[in-house]
Amino acid sequence: MNNMMRWGVAVGVMVLLLWGNAYAMARELAIVANKDFPSNAVTAARVKEIYLGEKMTEGGVKIKPMEHHDEVLKKRFIEKVMGSSIDGYKAYWIKKFFQEGITPPTNKASSADVLQSVAQTSGGIGYVWADEVKGDGVKVLLKVEVGN
Amino acid sequence: MKKRVMSRLILLISVLFLSSQSGHAFELNGFADVSFTKSTDGADEFRKGDFAFGALDLYLAQTMDDIDILVELVVEEGDVLDLERITLGYTFSDALKLRAGRFHTPLGFWNTSYHHGVQLQPTIDRPHFLRFEDDGGILPVHVIGAYVSGRADTAVGAIEYGAMLGNGPRITSEDGVVNVLHPNNISDNNNSKAIAFNAAISPSAIEGLKIGLSGHIAEIESDATVTSGIVDTLDQMIIGVALTYSIGNIQLASEYFSIQDSDNSTATDEDFTSNAYYGLITYTLLDKYVPYLMYENISVKEDDPYFISLGTVDTREMIAGLRYNINYRSAVKGEYRRIIDMGDLDWNEYALQWTLAF
């Protein structure tokens with residue numbers, strides 16, 4: 001094996017390691033719902049409709065979306081799932097609340113609060129880091145990779 | 001009057017404070033604005049150059065055991081407290097929502113999208129013909145009644161609909177000088193109820209496009225204090241077409257209304273058709289800067305008793321403006337207005353407005 005080939009193999013291994021490391025660190029966000037929620041899966045577009053107050057019922061059940069207080073998680077959710085900036089999302093809800101009297105998603109302090117509230121609320125839906133999902137009262141409707 | 005306004009505000013704040021101690025805490029939100037307007041000439045009210053605080057708009061909304069409530073109170077001109085909206089509602093499904101109370105008439109796009117909080121609307125003022133009744137508006141933009149609405153996703157796109165039954169408006173004299181539309185808040189002044197409908201489609205084939213059709217039918221009478229215009233009763237039908245389109249950073253909005261009045265007085269028994277429209281284009285740059293251009297036209301049919309009562313004249317106006325979003329809660333708007341024609345007069349206006357949502 002000449003020097004050129006050795007360098008090629010070394011660079012290739014490094015690229016694979018870096019890619020693998022980056023992949024391993026990419027986190028997923030889970031959309032969770034009360035275990036009695038009428039659907040077992042949703043699309044990202046449907047989640048967006050729910051968090052914009054456009055879709056308010058599912059199979060006769062009133063949907064009660066919940067917001068995560070954690071700024072990092074909330075930012076990832078709004079940017080990746082809602083396709084908006086934080087300010088754009090807040091401005092949207094000022095308008096929606098005022099125009100139609102539809103209340104924005106309720107804020108929850110932590111992932112444990114989100115999971116507990118979703119489990120206890122008929123039609124409850126929320127989002128947490130995928131690796132934080134636990135408990136029998138909730139089910140995962142969608143996982144979204146949101147980067148590192 | 002100011003004492004009465006203050007006492008009502010104190011009462012409202014007390015109710016909110018007490019509610020916060022109970023299980024259902026209401027969050028009080030609002031809008032405020034300050035403006036400066038200067039006209040160059042003409043018989044305009046702003047020729048001296050005037051600062052003005054706009055409306056202090058307070059609103060709250062809450063869902064309690066699946067019943068929705070929305071209340072909007074506005075303090076105008078410092079000493080006028082108006083209950084602008086109060087609705088109770090129930091959502092059966094996305095396709096069927098019921099609202100009852102006082103709300104904005106489901107006519108077109110602007111009237112259902114923008115209410116009194118001027119921070120939300122792109123321009124400083126509403127188009128002339130969509131102004132509120134007590135500001136000289138010519139359309140019944142508020143109504144007291146019941147309203148069903150809904151939304152459905154179909155293969156061709158999202159479809160929204162609404163249908164309303166409510167008190168029809170009347171024309172009354174304000175301060176014995178100016179005649180204005182009045183939505184008949186407490187009781188109707190005739191047996192004919194007003195009906196309205198709206199329908200809109202956002203076709204999935206053209207993202208960002210929304211096309212709507214709306215209508216309003218009412219029988220209108222004027223109070224005995226109104227001495228000009230309507231003699232007996234007048235049957236009115238308003239048909240509106242609205243279009244909004246967002247493509248990239250560009251937003252277009254346009255509405256056209258046809259107002260058909262049939263005078264029932266035995267003296268004339270005539271039909272009149274007038275129309276009003278506006279076109280608005282905005283461009284959003286870096287989420288901060290929003291230059292805009294709006295053109296508005298009102299063409300009133302001569303001798304139409306409805307417009308004689310309201311003192312409405314042919315109007316054409318062009319507005320060029322820039323909105324600067326300080327943040328998501330606050331904006332500053334600057335406008336140049338060219339009033340091309342308003343009752344054979346023309347003049348220019350410059351206006352600044354600072355708005356806040358809190």
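Scanning residues 5 or more positions from residue A:84 or on other chains, those with amide H under 5 Å from its amide H are A:79, with H placed 1.01 Å from N in the peptide plane.
Spacing of the modelled spin labels on residue B:159 and residue B:348, each 7 Å from Cα toward Cβ, amounts to 5.0 nm. Its DSSP H runs of at least 4 residues, each contributing -39,500 (n - 2.57), put the calculated 222 nm mean residue ellipticity of chain B at -2500 deg cm²/dmol, to the nearest 500. In whole percents, the pair-distance distribution calculated for the range B:2-357 from its alpha-carbon pairs, binned every 20 Å from zero, is 26, 61, 13, 0. Net charge of the neighbourhood of residue B:214, taken over other residues with C-beta under 13 Å away and scored Lys/Arg +1, Asp/Glu -1, is -1. Only Cα pairs under 8 Å and 6+ residues apart enter the sum, and on that basis the relative contact order of chain A stands at 43 percent.
Counting only Cβ charges, +1 for Lys and Arg and -1 for Asp and Glu, the dipole size of the range B:2-357 around its Cα centre is about 1480 debye. Panel order for B:72, B:84, by other beta carbons found within 10 Å of each beta carbon, from fewest to most: B:84, B:72.
Every Cα-Cα pair of the range B:30-103 was included, and the share exceeding 15 Å stands at 67 percent. For chain A, the longest principal axis of the alpha carbon atoms and the long axis of helix A:111-120 meet at an angle near 40°. What the phi angles of the range B:189-203 give under the Karplus curve with 6.51, -1.76 and 1.60, with θ = phi - 60°, is a coupling list of 9, 7, 7, 7, 7, 7, 10, 9, 9, 8, 8, 8, 10, 10, x Hz, glycine and proline written as x. Taking other Cβ atoms within 10 Å as a rough exposure proxy, B:94, B:344, B:304 sort from fewest to most as B:344, B:94, B:304. If you wrap the protein assembly as shown in the convex hull of its Cα atoms and look at it from every side, the mean projected area works out to 30.6 nm². Only DSSP H runs of four or more residues enter the estimate; each adds -39500 (n - 2.57), and after division by the residues of chain A the mean residue ellipticity at 222 nm equals -13000 deg cm²/dmol.
Using a cutoff of 8 angstrom between alpha carbon atoms and counting only pairs six or more residues apart, the relative contact order for the range B:76-147 works out to 28 percent.
How high is the FRET efficiency from residue B:62 to residue B:235, r the C-beta distance, R0 41 Å, rounded to 0.05? The value I calculate is 0.55. Only one residue of B:196, B:258, B:206 has its Cα farthest out toward the positive end of the dipole of the range B:164-262, where Lys and Arg carry +1 and Asp and Glu -1 on Cβ, and that residue is B:206.
The residues B:318, B:164, when put in order of fewest to most other Cβ atoms within 10 Å, stand as B:318, B:164.
Length available on full extension from residue B:320 to residue B:36: 0.36 nm per residue minus the Cα-Cα distance, which gives 100.6 nm.
Remind me, relative contact order of the range B:2-357 in percent, using alpha carbon pairs under 8 angstrom and six or more residues apart? Spell out each step's value before the answer.
Details: 924 pairs, mean separation 46.6, N = 356.
Reported as a whole number, the value is 13 percent.
The H on the amide N of residue A:64, modeled in the peptide plane, is under 5 Å from the matching H of A:124, A:125, each at least 5 residues off or on a different chain.
Within the listed set B:275, B:190, B:327, the residue fluctuating most in the Gaussian network model of chain B (springs between alpha-carbon atoms under 10 angstrom) is B:327. Within straight-line reach of residue A:35, meaning a Cα separation under 24 Å, sit the following lysines at least 8 residues removed in sequence or on another chain: A:48, A:55, A:62, A:64, A:74, A:108, A:134, A:139, A:143.
Using all pairs of distinct alpha-carbon atoms, the Kirkwood hydrodynamic radius of chain A works out to 16.9 angstrom.
Rule-based calculations on the coordinates, nothing more; no lab input. None of these values were measured; they are calculated from a predicted model. Note that we place each Cβ from the backbone using ideal geometry, even for glycine, and neighbour counts take in every protein chain shown.
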